1. Rounded to the nearest 0.05, what FRET efficiency do residue 188 and residue 222 have when you use their Cβ-Cβ distance and R0 = 22 Å?
2. Grab the Cα-Cα distance for residue 145 and residue 22, subtract it from 0.36 nm times how many residues apart they are, and report the gain in nm with one decimal.
3. In nanometres, what is the gap between the two model label sites at residue 67 and residue 119, each 7 Å from Cα along Cα-to-Cβ?
4. What does the C-alpha gyration tensor say about the overall shape of segment 161-225? Classify as rounded when a/c is under 1.5, otherwise prolate if a/b is larger than b/c, or oblate.
5. Tell me, 121, 136 in order of fewest to most beta-carbon neighbours within 10 Å?
6. By per-residue mean of other Cβ atoms within 10 Å, what is the highest-first order of 144-151, 179-186, 36-43, 208-215?
7. In whole percent, what relative contact order does the chain give with Cα contacts below 8 Å and a gap of six or more residues?
8. Give the relative contact order (percent, whole number) for segment 138-194; include only Cα pairs under 8 Å separated by 6+ residues.
């Protein structure tokens, strides 16, 4: 069987990858600077143990909903330069296809095929792993705490806001409210609270049946009720 020689975490500095770094213990923690509107704030929070690679091209393809098509395919190609076991912080609530198990399997096969022994390489097998794919964000926070992680550090040192205000989390975007729900269900209040935003914007989507994440909907309703 091929040897697993180096664990590489594709790191954003957000809550999921912050928790995964603590639990999965990568050999390389890799942040790819895409030069999006929130990259500068993310970079400002990185510690010296994070390897930063510059890749401004992908920002040209960012859509208004913040999705960059094929993003994780590009990022795994970069990560494969640093090791052969690559982790992405995908969660149960992620619906894009480059964060599902089929993507992980097919990309592992593709990169392993390209990296077969040849005139330029002795060859290596690539594994793409999604260690948190079976977990909601609330469950990830719970796993982090049970693994001895500091909930306060996870709340304050991770950052994944789409629309920072004066460099701080806005409290009114998808990453902000999902983070708030996750901590609320684990008995931790963080600022800014997204409760009002959820009542105004997210609850109507749930009530009309267009939100589309059943387990996450239940967690949102439970957090609002607390």
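1. On the way: r = 14 Å, r/R0 = 0.65.
Calculated transfer efficiency: 0.95.
2. Full-extension gain reported as 43.3 nm.
3. 4.1
4. Here segment 161-225 falls in the oblate category.
5. Working: 121 10, 136 21.
Final ranking by Cβ density, sparse to dense: 121, 136.
6. Output ranking for 144-151, 179-186, 36-43, 208-215: 179-186, 36-43, 144-151, 208-215.
7. Details: 345 pairs, mean separation 45.7, N = 226.
Normalised by residue count, the contact order of the chain is 20 percent.
8. Rounded, it is 33 percent for segment 138-194.
Values in this text are rule-based calculations from the coordinates and carry no lab data. Only a predicted model underlies this, so the values are computations on that prediction, with no experimental measurement involved. Virtual Cβ from ideal backbone geometry, glycine too; neighbours counted across all protein chains shown.
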